[in-house]
């Protein structure tokens with residue numbers, strides 16, 4: 001039997017070419033229409049600010065409009081669920097924060113499953129900062145704890161919503177410091193900070209991104225940060241761990257896509273987002289606001305999410321935190 005090697009190789013090449021051109025066709029033509037980044041919070045908060053900074057860069061890099069779509073509600077479950085159920089075509093992205101790993105332990109039903117989302121990259125991380133209205137006489141964490149113990153329930157603290165990192169950080173602080181404070185939940189960072197600025201609520205565990213402008217202007221005072229060490233952007237503000245041994249929480253922001261999004265598209269998104277984060281103005285903006293850019297790999301982000309889910313599940317169980 002004589003085999004025509006030339007014809008066989010030619011046929012094989014044509015077959016491989018056809019298969020190859022078909023498989024990544026979606027990626028080759030991507031993006032062919034506008035993208036949207038779903039933010040599960042109202043406009044004006046830290047997550048929204050970050051999303052808009054990245055969206056601006058992605059619009060230039062991808063050559064198509066990248067829209068920020070604010071979908072607050074149900075403790076972020078509304079926005080997260082919207083992306084989890086979206087078509088896995090790379091045109092709907094989620095920028096998520098700590099509730100992504102908190103909610104599965106906090107809610108009986110979230111309307112979505114962690115397996116319905118694919119990790120792209122952990123964008124940035126920072127501690128929370130405990131801010132107080134100037135009318136609060138305490139000027140240190142020790143003074144605040146002493147006042148709270150002498151006046152149980154008199155201090156109120158705002159959060160960006162029940163079950164969020166700002167809420168559970170407050171619950172962790174209450175448990176570890178042995179104090180009683182009243183939780184006042186809001187629908188997002190902007191309305192919560194508005195009432196702290198107005199003095200209707202005395203305290204808040206705020207993100208650095210949202211709180212820094214008000215700290216710098218003197219409208220709010222910073223009592224402590226939630227990282228193990230002091231934050232470089234606030235070197236004169238102590239870590240809560242200096243007074244409450246072992247205290248630590250961080251807030252983070254990351255991009256995800258609906259599960260099943262083609263790998264070539266996820267790879268493109270990862271590359272473009274990471275490059276957008278390298279822009280000097282983006283780096284400087286986040287540095288000034290106390291957030292460190294991480295930009296890790298999808299695999300590293302997925303492992304991080306798994307670890308965070310375990311950690312917050314323990315906090316929820318120990319604190320007895322419940323949704324309203």
Could you tell me how many of the residues in region 59-76 are buried (at least 21 other Cβ atoms within 10 Å of the Cβ) and on the phi < 0 side of the Ramachandran plot?
1
Across region 148-158, the tally of residues that are assigned to a helix (DSSP H, G or I) and at pLDDT below 95 stands at 0
Only one of these is touching a residue at least 60 places away in the same chain (Cβ under 8 Å) and either within 23 Å of residue 50 (Cβ to Cβ) or assigned by TED's automatic domain parsing to the domain that holds residue 51 (or both): 78, 168. Name it.
168
Looking at region 121-147, which of its residues are surrounded by 15 or more Cβ atoms within 10 Å (Cβ to Cβ) and in a loop (DSSP other than H, G, I, E, B)?
133, 136, 138
Return the pair list, or none, for Cβ contacts closer than 6 Å from residues in region 197-215 that are farther than 23 Å from residue 145 by Cβ and assigned by TED's automatic domain parsing to the domain that holds residue 171 to residues that are at pLDDT below 95 and part of a helix (DSSP H, G or I), at least 6 apart or on different chains.
209/46; 209/49; 210/46; 210/189
Which of the residues that make up region 216-235 are modelled with pLDDT under 95 and closer than 22 Å to residue 50 by Cα?
216, 227, 231, 232, 233, 234
All but one of (1) within 21 Å of residue 96 (Cα to Cα); (2) surrounded by fewer than 21 Cβ atoms within 10 Å (Cβ to Cβ); (3) in contact with a helix residue (DSSP H, G or I) (Cβ under 7 Å, 6 or more places away or on another chain) hold for residue 191; which doesn't?
(3)
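The values are calculated or read from the model by the stated rules, or taken from the named source; none is laboratory data. No experiment lies behind these values; they were computed from the predicted model shown. Don't worry about glycine lacking a Cβ; one is built from the backbone with ideal geometry, like all the others, and counts go over all protein chains shown.
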